[in-house]
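Trainee: Have a look at this one before I ask anything.
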Amino acid sequence: MDRFALAPTALFDGERLRKAHAVIVEGERVAGVAPVGSLPEAMEVQRLDGCTLLPGLIDCHTHLSDWMLPAFLAAGVTAVRDTGNDLAWILRRRERTRADPMAGPDILCCGPLLDGSAAFWPQIGRPHADAAAIRRSVDEMAERGADAVKLYVHLTPEQIGAAATQADRRGLPLLAHLGPSVDLATAVSAGVREVQHLTGCVHHVDGWRTNVDQVAASAASLAKAGVAQCPTLVVWDRLCRLNDTAFRHDRRDRWVHPEIAAVWQRFPHRTGEVADRLDRQRSVNTMKRVLGALAGAGCTVVAGSDAPFPHLVPGFSLHDELSLLVDAGLEPSAALASATSVAADHLGLADSGRIRPGSLADMVAVAGSPIDDICVLSDIRLVLRRGRVVDFDALAAHAAEEYSGPPADPFSRLMIDFAEPASGSG
């Protein structure tokens, strides 16, 4: 159908909830949003009774593999940002989904993790001896077409400052996973305006010692400086609960390559020190309190999952992240916006994240109301990709084809190598 309408029970357009409104789709775009009663009599209308229609979701923190692409669409995630990968590999995948939207979500990418004198993840990271070296890497990312730059844990304050200045000159957004040698105030002074995993505020193991009141006191200044947070609560929740048997019975695992699912079961954190696991669990609660304080002060929060780390089913783990954001104190509408309108604005995706005239017709319908119960997000009833209805059977067949051989992409190999007994606990 070149022109048709979707008529859900409720419509969350990325900013607000509307009842009894339909979305008119023409080609790849939204042609209009109108009361159901005002639609032309001759128009083809697909009713979505009992459903809420939302913009296609955006995952702002992933590490892509080929086997993951069908899963994202199955979960209604129509745009992702890859935050660390082999640059040539990820640029090819970005072109693939641009050419064929049914092959996967739209992709933004950072290329390799730009690290200090040693790369924490050698398979997808790049070491830099000094500030001049990292400036050259930023230039290369710009020249080869990366969408952003990602800084990693071993960088010095001088290197972070050099990278931030060069990224600004080249018009590239910059995000950072801060390490122990650089505190948040120093990173912000150097020019960092997006922080991953609440680093600099809470450590993922001993973060339970964090003074939440002190972080809350500085939250307003962070908001004023325009520092966005991509908290990825869900990855830390999973890493501290790897021995929870409920994850072994997650029916969404059918969207996970079997070899990666096996990696999850032997991931080193499962058999580490008990004290570390318990500290991680306590730290997750502290992360939620800190995030609540940051969001309450007006800091921008964008949603990311960090899939495919253990028990993060691509796409569906973004639903889990939004549930954790609500548990941390965000209103459901704010959590949904962090993966739609707010994420789109932050990433510069002017045509995504909202359902309004002229936007891309990327949408997802879920049973029930995620405004009333955020947990219904995984009950997907319809996904629209560039105005075309996604065929779930075709996605499953594509996934099965990917599962027929071992995953050979850079990030899957990283996961497999990391989980080998000889690699240690990391």
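Trainee: Would you call residue 28 under 14 Å from residue 389 (Cα atoms), more than 13 Å from the chain's Cα centre (by Cα) and either surrounded by fewer than 20 Cβ atoms within 10 Å (Cβ to Cβ) or among the small types (Gly, Ala, Ser) (or both)?
Mentor: So residue 28 passes the test.
Trainee: Residue 303 passes all but one of (1) within 27 Å of residue 406 (Cβ to Cβ); (2) modelled with pLDDT of 95 or more; which number fails?
Mentor: Checking residue 303 against (1) within 27 Å of residue 406 (Cβ to Cβ); (2) modelled with pLDDT of 95 or more, the one that fails is (1).
Trainee: Applying the selection to the stretch 330-370, what residues are of a type in the set (Val, Ile, Thr) and in a helix (DSSP H, G or I)?
Mentor: The answer is 342, and nothing else.
Trainee: Here are some conditions: (1) aliphatic (A, V, I, L, M); (2) assigned to a loop (DSSP other than H, G, I, E, B); (3) more than 14 Å from the chain's Cα centre (by Cα). Residue 326 meets all but one. Which one does it not meet?
Mentor: (2)
Trainee: Do we have any residue at all in the stretch 273-285 that's among the hydroxyl-bearing types (Ser, Thr, Tyr) and open to solvent by 20 Å² or more (accessible area, probe 1.4 Å)?
Mentor: no
Trainee: Could you please find all residues in the stretch 384-406 being under 30 Å from residue 354 (Cβ atoms), open to solvent by less than 60 Å² (accessible area, probe 1.4 Å) and not β-branched (Val, Ile, Thr)?
Mentor: Scanning the stretch 384-406 gives 384, 385, 386, 387, 394, 395, 396, 398, 399.
Trainee: In contact with a Lys or Arg (Cβ under 6 Å, 6 or more places away or on another chain) and among the β-branched types (Val, Ile, Thr): which single residue out of 274, 284, 313, 256 fits that description?
Mentor: Checking each option against the conditions leaves just 313.
Trainee: Okay, next question. Can you spot a residue in the stretch 371-391 that is among the hydroxyl-bearing types (Ser, Thr, Tyr), more than 21 Å from residue 90 (Cα to Cα), outside any loop (DSSP other than H, G, I, E, B) and under 22 Å from the mean Cα position of the chain (by Cα)?
Mentor: yes
Trainee: Moving to a separate point now. So, in the stretch 12-45, exactly how many residues are touching a residue at least 60 places away in the same chain (Cβ under 8 Å), of a type outside the set (Gly, Ala, Ser) and assigned to a strand (DSSP E or B)?
Mentor: Here the count works out to 8.
Trainee: Is it the case that residue 345 is within 19 Å of residue 108 (Cβ to Cβ), open to solvent by 10 Å² or more (accessible area, probe 1.4 Å) and among the charged types (D, E, K, R)?
Mentor: Judged against the criteria, residue 345 is a match.
Trainee: Being at pLDDT 95 or above, among the aliphatic types (A, V, I, L, M) and closer than 19 Å to residue 414 by Cβ: is that true of residue 113 here?
Mentor: yes
Trainee: Within the stretch 173-221, take every residue that is open to solvent by 20 Å² or more (accessible area, probe 1.4 Å), assigned to a loop (DSSP other than H, G, I, E, B) and of a type in the set (Gly, Ala, Ser) and give me the one that is modelled with the lowest pLDDT.
Mentor: 181
Trainee: Can you tell me which residues in the stretch 317-342 are among the hydrophobic types (A, V, I, L, M, F, W, C) and open to solvent by 10 Å² or more (accessible area, probe 1.4 Å)?
Mentor: Result: 324, 326, 328, 330, 334, 337, 342.
The values are calculated or read from the model by the stated rules, or taken from the named source; none is laboratory data. If you're wondering where the values come from, they're calculated on a predicted model, not measured in any experiment. As a convention, Cβ positions derive from the backbone with ideal geometry for all residues, glycine included, and neighbour counts pool all protein chains shown. In case anyone asks, the SASA skips ligands and DNA or RNA and just uses the protein heavy atoms, side chains included. Shrake-Rupley method; radii C 1.70, N 1.55, O 1.52, S 1.80 Å.
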